[in-house]
Amino acid sequence: MMHLACPWCGVRDEPEFVCGGTTHIARPAPDASDHEWGEYLFFRDNPKGLHHERWRHAYGCGQWFNVARDTVTHEVFSVYGIGESAP
Amino acid sequence: MSPRRLPPPAGTRLDRTRSVSFAFNGRKYSGFRGDTLASALFANGVKLVGRSFKLHRPRGIYSCGIEEPSGLVDIGAGGRRTPNVRASVVEIYEGLVAESVNCWPSVGFDLGALNSWFSAALPAGFYYKTFKWPGWRLFEPTIRRMAGLGRASRERDPDRYEEIAESVDVLVVGGGIAGLAAAISAAEGGARVMLLTSAPVLGGALGCRSDPQVLTLIAKSQNLGIRILTRTMAFGVYDHNLVCARQLVDGDARTPSQAGGALRERLWKIRARSVIAATGAFERPMVFPDNDRPGVMLAGAAEKYAHAYGVACGSRVVIAANSDRAYSIGSTLREFGVEVAAIVDCRAGSQVRVDRQACGEIVIANNAVIASVSGTHAVQGCSVASAGGSNGKIRHYDCDLILSAGGYAPAVHLHSQAGGKLRWHDEAAMFVPDGLASAIVSVGACAGVFSREHALNHAFSVGAALARGTPVPEAPVGGAGRSLVNTHVPRKGAKQFIDLQNDVTADDVALAARENYRSIEHLKRYTTTGMGTDQGKTSNINALVLMGEQIGRAPPAVGTTKFRPPFAPVTMGVFAGRRIGALYRPLKRLPAQSWHEARGAVFEEYGGWWRPAAYPMPGESLEAAALREATGTRKNAGIFDATPLGKLEIFGPDAGHFLDLMYVGTPSTLAIGQARYGLLLNENGIVVDDGIVARLGEQHFWVNTTSGGVERTAAAFEEWLQCEFVGLKVAVTPVTSRWANITIAGPHAWDWLAEAGFDPALAPHRMKHMNVMASQYEGVPLRVLRASFSGELAYEVNAPVNRVRSLFDRLWALASRFNAVPYGIEALQTLRIEKGYIHIGTDTDGTTLPGDIGFGRSIDHKGANFVGRRSLSRPAAQDPNRLQLVALAPADGRTLLPVGGQIAQARPPTPTEGHVTSSVMSAALGRPIALAMLARGSKRTGERVRVHHLGKSVEADVVTAPFFDPQGLRLRG
C-alpha cells in the first residue's frame, strides 16, 4: 500500500487514490486511422522501471496529477501537474 | 509439582501462584499462568501431540516458538474454534480446550497411520503420476478430504477485531537484547519509537534466563516514552515502509464462557520512517533417520522450556551437534538435573571452539552422526555412527530426548520482503542480510551478529544514527562459530525428514533433483517443502543445502525462495476488522424509507440502494403485487421513489459544448426548460449510461444518470475536463444525495398534483413532455421534470432530501381520491418493458453500440467529436450481423421467456444468434413479453425463433416494440 503525495492534500494512503494508467497520451484526431485509434484504446507499454502515470485523489480532493514512479521499487521520483510535461 | 517441573529460578515466565486448568483431547490437565500449551503438556508428561500430514506419523512438540512444525492443535469450539494453532505459542487460559489434528479416532490410535505402510507409493508429487486411471476425478474428493490438518469452524465468529493505523519515526521489530538497545538509543536521540515483540514479555532469548544486562535494558526502555506492544507479531513489510502487525489482546478476555463481542485481535498498520529488524535467528535442525519422532526437538527449544517455563523435556538426552551452542545447552541442562548421555558432533574436534573442560563427563563424539532412532510414539534410544559412512563402530545410547543443534538461520524475512538481498556466510553456514533493504536495518542475530558485545554496540549506534538521520554502520557479522553446510548422510531405509509439517524427506529432495528440477522455486512446489503453515522455518535452509548437494551447487547459487507476507499465519478476522455484516457493503437508503415501510414495502438491493421491490397486501406474493401496482398506475395513478436516480449539475460558459462532447445527442441545442434523452459512450463506442439531460439556464444543465452509474459518470466527466479538455470552463457537481425524487405517474397524475395544490403552470397543457421547470410547493423549492420511464403521463418532482418525507405524506393523504397506489421496482420493470425502454446493463452489455439499440441515425448528424465517436466507424461497428434490440412474444401466448435464454434455430450445441435480456408478464396485455438482442434483429420482424434454456426450448415471434401504446399518446397527457 503506497504512500502518495497529492499536490493539494499532502501524503495519503494508496486506497484514497485511483490510478489512471500511463499519462502523456494524446487523444488522436477524429481522422485517425483504425490502427492509430486501436493503439490509443488498447495498447500500452509496460516498463520495468521508470513509468509516468496519472493518479486521481478520488476519495479526497478529486484532482488528477502526474507521478513518475519506478514500477519495481515503487520509488516515486516526482509528482507534477496534470498539464505539465515529464520532468 | 510434577517430576518434569523444574524448581525456581527456572520458569521465568510462570506465575506459579495461579494454577490454570485446561483440556487436551478430552482429558483435563493443569498448568500455571504463563505456560504455553506445549510447556504445560511437557509438564504433564504428554509427549504425543499430533499426526503428520501425509504419513500420519506420531509427532510431539519440536520447538519453543512460532516455527513449530509438528505440535499443531485445534483450539476452542463453535464460532471460536481456531485450527492449526501452535501449541508452543498459545498461552493457556482457564478452560482452554485443545485437540490434536489430522488423526482419527485418536492421536494414539490413528487409522490414517495406514498411509505409512504405503509411503513408497506416496513420494513427493505422487499425485502427478498416480491415481490417474480410470480418472483423477474418482480419487480427487477422497484425497482432498485427507489433505489439510485442522478443521475450521463453520459458525460465525462472535468476537471482534479492530484495525489501527500509526505513524512513527523508528519502528523496532523484536524485543530481545538488540532490539531493546536500538530502541533505547533511537529514543534517546529524540525519535518517536515503537517496539513490537510477539512474546508476552520483553527480553527475547536472554530475557528468559533473567540475564541482568537485559533486565537493565528492559527497565530503561520503560521510561523513555517508547510505545511498546507485546504479543504483537509484525507479519509483513509493504510499499513505502508500511509494516503490518497482528496484536493479540490479552488472553484473559478469551475465556469461552463470555458472550460474543470481546475484542480479540488488532491489526496495526504502521508507517515508519525507518524500521529496525531485531527478529533473532531460528535454529537449523540436524537431518538423521527418524528425526521426527516425539522426543526429537531443537536444542535451543529444550533450553528455553527449562529457563522460561520451568519444565524438562526429558530426563536423559543425546545432543546432535553442528554448532558450539550444543555444549552450552548441554551444560545448562545438566545444571537443571537432566542427564546428558552424549554430544554427537558431526564436526571435527578442531572445528569446535568450546572449552571441553566445562562439559565435565559428558561423552563427546566428533565426526559422528545419529544413525538410527528407536521408539515410534516416543524416543527410547539412538545409535551413533561415524559421519564418514557405514564403516566404523556403532554405539547405542538409551535416551528419551534427542536435541538438534544444527546451526543458525537468521530470521531475514522482513529484510527480504522489503527487497533486501542475502549473502551466504560460509563459516556458520547461514544466510545473512547483504546490505540494507530500503529503510530496513537489521541488528542482532537476524543480521548475523552473534557476539553479544558486537550486537549491543551495533544496535546502539544504529538506533542513534536513525534518530539523527546519519548513515547506519555495517553489521559486524560473526560470532556464531563454525557449522558444516550439510550434515546429512544418505542412508537406505528409515526416512530422514527435511520438512516435518509436509512429510518431505531427503529422498524426496533427491527425487526432485533426479527428475531434473533445478530452480529452488520448483523444488519447493514439487516436493511441497516449506509450503506448510510453518512456511519452512525449520526446513528451508536444509532443503536448499541438500538440493545444492544433489545438483552440485553451493547454497548461494541455489538461492532462497521468495519471501512473502505473512511471516506467520494470521487470522482472517484480523484482516476483515469491522468490515463485516452490515458494514461489509453499506447500502444507501432512501430519505423517505420510513414512509415506504409504513406502506408495507418489501425491500431489496438495487445497485447499492435499499429500495422497495413492491408493496404487497397481506397474503399477496411479490409478483402479484407488482402486477397490481403496474395495473393501478396505468389505470389511475402511482407514486414511486426515484431518489437513487443520478443527478449532476453542470455549470459554466462551456457547459453546453462540453456535454456535446460527452453525449450522443446535442445538449447544447436544448432551449432553457427543455430536456432530451441522451446516451453516454466510452471511447470504445460502448453504451455505458443513459439519462435525461435538461437545460435549467444559459450556463446551467441538470443531468440524470442511471442510479448505479452516477459516480462513474461524474468521475468520467472530471477526467475529461481535467486531463483532455483542459481549456473548457465547466464545473461538475454531483447532487444525488441532495435532491430526492418523487415520481407521480398515470392518467390522473396531474389531477393528483393539482388537488395537492401544485403550481398550475405545471399542468400538461402548459408544461409539455420532456420539459423541466423550477417550482415551489409551500415554500419548498422544487425542480419538476415531465419525463416517463413508465410510458404514462409522469412528473418527476425533485425536492430537497430533508423535505421529501413530508411531501410523501402530503400527497399520500389524497391518494384514495384517485385510487392511487405506490409502485416499486418490479412494477416499474413491467411498465418499461411494455414500452420497449432499455435498461443499461440488462438489455445492453459491454459490446452494445448505439446503433444496436436504435440510435445509429442520430450520430450522422452530430458535429462534435464526442467520446466514442471514432470507434463507431470501425468495420466491426458497421457489421450488419451485429446483435440488435428486438421485441419478442412467446408463440403460445403463455410461456414466460427465460432471461438469458439463447436464440438459435437448431438444437444446441449450435452457434447462438442472440439472447433474451428482459422478460416479464405484462399487466396491460395479460401475456408474457420480452426484449432480446438478436443478430440482424432490425430486419427480422415477424420471424419465428427458438429460445433455448437449460435443456428446454420455447418458440417466440419477433414483434415490434412498444408492446403497449406504440404512439406514446398516454405520456403526452
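The values are calculated or read from the model by the stated rules, or taken from the named source; none is laboratory data. The model shown is predicted, which means the values in this text are computed figures rather than measured ones. All Cβ positions, glycine included, derive from the backbone under ideal geometry; neighbour counts span all protein chains shown. Note: accessible area is taken over every heavy atom of the protein model, side chains too, but ligands, DNA and RNA are not part of it. Shrake-Rupley method; radii C 1.70, N 1.55, O 1.52, S 1.80 Å.
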Alpha-carbon centroids, segment B:819-863 and segment B:72-99: separation in whole Å: 57 Å
Inter-label distance, nm, simple model (7 Å from Cα along the C-beta direction), B:Arg564/A:Met1: 2.0 nm
5 angstrom amide H check on B:Thr736, placed H, neighbours 5+ away: B:Lys647
Computed log₁₀ I(q)/I(0) - Debye formula, equal Cα scatterers, no solvent, segment B:343-501, q 0.13, 0.14 Å⁻¹: -0.78, -0.86
Accessible solvent surface per residue of segment B:356-463, calculated while the other protein chains remain in place, 1.4 angstrom probe, Å²: 40 Å²
Table column - 3J(HN,Hα) (Hz), segment B:451-467, Karplus curve with 6.51, -1.76, 1.60, x for Gly and Pro: 7, 4, 5, 5, 5, 4, 4, 4, 5, 4, 6, 5, x, 5, 4, 5, 5
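Can you tell me the accessible area per residue over segment B:688-775, all protein chains present, probe 1.4 angstrom, in square angstrom?
40 Å²
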Length added when fully stretched, B:Glu474-B:Thr842, from 0.36 nm per residue minus Cα-Cα: 126.1 nm
Rg followed by Dmax, in Å, when chain B is reduced to its Cα trace: 37.7, 115
Total accessible surface hidden between B and A, rounded to 100 Å², 1.4 Å probe: 2100 Å²
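Suppose R0 equals 30 Å. What FRET efficiency, 1/(1 + (r/R0)^6) with r the Cβ-Cβ distance, do B:Asn223 and B:Thr571 give to the nearest 0.05?
Numbers: r = 34 Å, r/R0 = 1.13.
That pair, B:Asn223 with B:Thr571, gives E of 0.35.
What is the percent carbon and sulfur in the accessible area of segment B:34-142, measuring with a 1.4 Å probe over the protein chains and ignoring ligands?
Ligands and nucleic acids excluded, carbon and sulfur give 67 percent.
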Surface share of carbon and sulfur [accessible, 1.4 angstrom probe, percent] for segment B:532-685: 58 percent
Set of lysines near B:Lys635 by C-alpha distance (under 25 Å), chain-local residues within fewer than 8 positions excluded: B:Lys768, B:Lys835
Area accessible to solvent at B:His396, 1.4 Å probe radius, in Å²: 140 Å²
Exposure rank, largest accessible area first [B:Glu163, A:Glu53; 1.4 Å]: B:Glu163, A:Glu53
Residue-level accessible surface for B:Thr528, protein heavy atoms, 1.4 Å, Å²: 30 Å²
Using alpha carbons only: equivalent-ellipsoid semi-axes of segment B:527-644, gyration tensor based, whole Å: 65, 15, 12
Residues losing 30 Å² or more accessible surface upon assembly, segment B:228-243, compared with the chain by itself, 1.4 Å: B:Asp239, B:His240
Per DSSP, loop trypsin sites (Lys or Arg not before Pro) in segment B:687-731 with at most 16 further Cβ within 10 Å: B:Lys729
Cβ-defined net charge surrounding B:Ala342, 12 Å radius [Lys, Arg +1; Asp, Glu -1]: -2
Computed [θ] at 222 nm, helices only, for chain B once each DSSP H run of length n ≥ 4 contributes -39500 (n - 2.57): -6000 deg cm²/dmol
For q = 0.09, 0.12, 0.14 Å⁻¹, Debye-computed log10 I/I(0) when each Cα of segment B:201-356 counts as one equal scatterer: -0.47, -0.79, -0.98
Peptide-level mean, for B:716-724, of C-beta atoms on other protein chains within 10 Å: 4
Per-residue SASA entry for B:Met773, accessible area with 1.4 Å probe, Å² rounded to 10: 60 Å²
Furthest towards positive pole of dipole, A:Met2, A:Leu50, A:Ala86, structure part chain A, Cβ charges: A:Met2
Only Lys, Arg (+1) and Asp, Glu (-1) charged, at Cβ; the protein assembly as shown dipole about Cα centre in debye: 1700 debye
Gained length - B:Arg16 relative to B:Thr142, 0.36 nm times residue gap less alpha-carbon distance: 40.6 nm
Taking the C-alpha atoms of segment B:53-194, convex hull volume expressed per residue in Å³: 214 Å³
Under 18 Å from the Cα of A:Lys48 - aspartates and glutamates, other chains or at least 8 residues apart: A:Asp70, A:Glu75, B:Asp239
Sites B:Ser451 and B:Ala152, calculated FRET efficiency, Cβ-Cβ separation with R0 35 Å, nearest 0.05: 0.20
Dimensionless Rg over Rh [the protein assembly as shown; C-alpha; Kirkwood]: 1.07
Environment charge of B:Ala191, counting only residues whose C-beta is closer than 15 Å and scoring Lys/Arg +1, Asp/Glu -1: +2
Signed unit charges on C-beta, dipole axis of chain A, positive-most listed residue A:Ala32, A:Phe65, A:Thr22: A:Phe65
Segment B:960-970 - phi-based ³J(HN,Hα) in whole Hz, Karplus 6.51/-1.76/1.60, Gly and Pro as x: 9, 10, x, 6, 10, 6, x, 7, x, 6, 5
Distant-in-sequence amide H partners of B:Asp689 (H built 1.01 Å from N, under 5 Å): B:Leu680
Gap separating the Cα centres of segment B:330-403 and segment B:912-973, nearest whole Å: 86 Å
For segment A:10-34, residues shielded by at least 20 square angstrom of accessible area compared with the chain on its own, probe 1.4 Å: A:Arg27, A:Pro30, A:Asp34
Highest-MSF residue in chain A out of A:Phe77, A:Phe43, A:Phe17 [GNM, Cα springs under 10 Å]: A:Phe43
